[in-house]
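A short worksheet on the structure shown next.
The values are calculated or read from the model by the stated rules, or taken from the named source; none is laboratory data. A quick note: this is a predicted structure, and the numbers were derived from the prediction, not measured. FYI the Cβ positions are ideal-geometry reconstructions off the backbone, even for glycines, and counts take in every protein chain you see. Calculation scope for accessible area: heavy atoms of the full protein, side chains included, ligands and nucleic acids excluded. Shrake-Rupley method; radii C 1.70, N 1.55, O 1.52, S 1.80 Å.
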Amino acid sequence: MSSDHLHEERVLILDFGSQTTQLIARRVRESHVYCEIHPFNMPLDKIRAFQPKGIILSGSPASVHDPGAPLSDLALYSLQVPILGICYGMQIMSLQLGGTVEKADRREYGPATIDLDNPGELFRELESKGVRVWMSHGDRILGLPPGFSVLACSENSPVAAMSDPGRRFYGVQFHPEVVHTPCGRAVLENFLFRICHCRPTWTMKSFVDTVIQGMRERVGPHQVICALSGGVDSSVVAVLLHKAIGSSLHCVFVNNGVLRRGEAESVRRIFQDHFALNLTYVDASELFLERLRGVIDPEQKRKIIGNLFIELFEQEAVRIPNVKYLAQGTLYPDVIESVSFKGPSATIKTHHNVGGLPEKMKFELIEPLRELFKDEVRLVGRELGLPEQVVMRHPFPGPGLAIRLIGEVSPDKLEILREADLIILEEMEASGWYDRVWQAFAVLLPVQSVGVMGDERTYDQVIAVRVVESLDAMTADWARLPYELLQRISNRIINEVKGVNRVVYDISSKPPSTIEWE
Ligand code: XMP
């Protein structure tokens, strides 16, 4: 699917729908072994073509007793490749190889301790008694499949881990991929290095070298165009491609009039002056604001901004001769065909990054980051010498400040928002909190409230401060900032931003709220 065999030693993770499947992949990669997630029913010829050094079967919200429980091809067990089953993955392996699985009297969920009866290769160099692990299962293994023996047991699971070392099949009832299993990394690394004999060669340096070489060959004499937003993903794509193909890369940065303070200048400074990228700067701020005039509905704002962006980008693209490719910062979580037991989720907000571009334009896509998780992209950025300010930048929505001021977009409101936003960022950075949270920003509310300044009564606007912690923006919680920090932010906004006399802190989690207000 994605990797064109660029990375030699690969582990395959078959996904049965667990929420922690992506975590397994991240842990494997943190141990410097390349891996990919594919659906549990990946066809056998594709598995063979993938040439995995090892296979990991993930957990699942399903029970092996459910009608229609997800099953892998039995032939998986004849590939002579080491297999590690995690939770459901172990139970399904057990059933398919002739063992028995029963419904446990009670669900085991949360911390547990296991005792190692026989550590084998999987638990090599671990303590043998009272090993802390994280469990989350209803079913448990009763009878081992032929050839297997018990490696570990817990109070509630007589088979907390099992193996058939001859065939190199291993199963664990607990979740080694979660942080609540302190020995998890050691267990996974024992599987990767002692059992699969992988070498830890997947590093961001090796990734950069491989991609640069691959991109050079692929692009040849053609030209590539790239929409640069200043965000981490598009910045890394741009600098990576610039290293590979130099002036054959053409970046376009569109100022849509709803950027943060100093953003356009900073993008020009970093990419044009420092990295000497071929950068076309399109200042369309007035045009965007004109089109946004009178618009209140957030979805409408998104559509207007997204469509105009495409329009302008197309105009720029036709000016560059011989363009064959469009480079995009698509990341791995966007391309994983994860198994979902929840069905298609409803669109809550339309998130259009550059997503609408390729269908309308006759370009081939170049997506050099489509194998990477976000934290890996940041490492690549560092490897490429991007400034920390870009590497650690919080996500910023395409429709920008337009969806952070409730109601109609106007230059006055944008000004207030930019000032408040800058204060929040300055204070977050000065206190060391910036890198600890997912996003921190200001929202301008369509409310006026009474205040008093000096001897005068004021009737001014309200800024909501939104600071959230999150791993992937799917869920989020408000950050428990120290009161002193909140106090400084509030004081500064009220004192320094003309037109604001009240600051509130948003303490809603997602769900049921969203991160942005619109
Ligand atoms: P919500 O508000 O849905 O946001 O919890 C989740 C993440 O997506 C960002 N976001 C957007 N990004 N275009 C974008 O490119 C959009 O229209 C958009 N709306 C929200 C948001 O900042 C958060 O990181």
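Can you spot a residue in the stretch 286-305 that is closer than 30 Å to GLU426 by Cα, away from the ligand (no atom under 16 Å from the Cβ) and either open to solvent by less than 30 Å² (accessible area, probe 1.4 Å) or in contact with a strand residue (DSSP E or B) (Cβ under 9 Å, 6 or more places away or on another chain) (or both)? No, the stretch 286-305 contains no residue that is closer than 30 Å to GLU426 by Cα, away from the ligand (no atom under 16 Å from the Cβ) and either open to solvent by less than 30 Å² (accessible area, probe 1.4 Å) or in contact with a strand residue (DSSP E or B) (Cβ under 9 Å, 6 or more places away or on another chain) (or both). Screening the stretch 207-325 for helices (runs of 4 or more DSSP H) wholly inside it with 3 or more residues that are closer than 25 Å to VAL377 by Cβ returns the ranges 232-245, 263-267, 298-319.
Return the only residue of ARG370, ARG378 being outside any loop (DSSP other than H, G, I, E, B), open to solvent by 10 Å² or more (accessible area, probe 1.4 Å) and either at pLDDT 95 or above or in the same structural domain as GLY214 (by TED's automatic domain parsing) (or both).
Testing whether each residue is outside any loop (DSSP other than H, G, I, E, B), open to solvent by 10 Å² or more (accessible area, probe 1.4 Å) and either at pLDDT 95 or above or in the same structural domain as GLY214 (by TED's automatic domain parsing) (or both) leaves just ARG378.
Restrict the check to the stretch 105-112 and report whether at least one residue is crowded, with 17+ Cβ neighbours inside 10 Å and either of a type in the set (Phe, Trp, Tyr) or in a strand (DSSP E or B) (or both). Yes, because at least one residue in the stretch 105-112 is crowded, with 17+ Cβ neighbours inside 10 Å and either of a type in the set (Phe, Trp, Tyr) or in a strand (DSSP E or B) (or both). Within the stretch 428-462, being in a helix (DSSP H, G or I), in contact with a strand residue (DSSP E or B) (Cβ under 9 Å, 6 or more places away or on another chain) and either of a type in the set (D, E, K, R) or more than 16 Å from the ligand (Cβ to nearest atom) (or both) holds for one residue alone: ARG436. For the stretch 139-169, a tally of residues being part of a strand (DSSP E or B), open to solvent by less than 10 Å² (accessible area, probe 1.4 Å) and at pLDDT 95 or above returns 6. Note on the stretch 491-518: among residues that are over 28 Å from ASP472 (Cα atoms) and in contact with a strand residue (DSSP E or B) (Cβ under 8 Å, 6 or more places away or on another chain), the one that is farthest from the ligand (Cβ to nearest atom) is ASN501. Listed conditions (1) open to solvent by less than 80 Å² (accessible area, probe 1.4 Å); (2) away from the ligand (no atom under 13 Å from the Cβ); (3) modelled with pLDDT under 95 are all met by SER470, apart from (2).
Among the residues of the stretch 444-452, are any modelled with pLDDT of 95 or more, more than 26 Å from ASP412 (Cβ to Cβ) and of a type outside the set (Ser, Thr, Tyr)? Checked the stretch 444-452: no residue is modelled with pLDDT of 95 or more, more than 26 Å from ASP412 (Cβ to Cβ) and of a type outside the set (Ser, Thr, Tyr).
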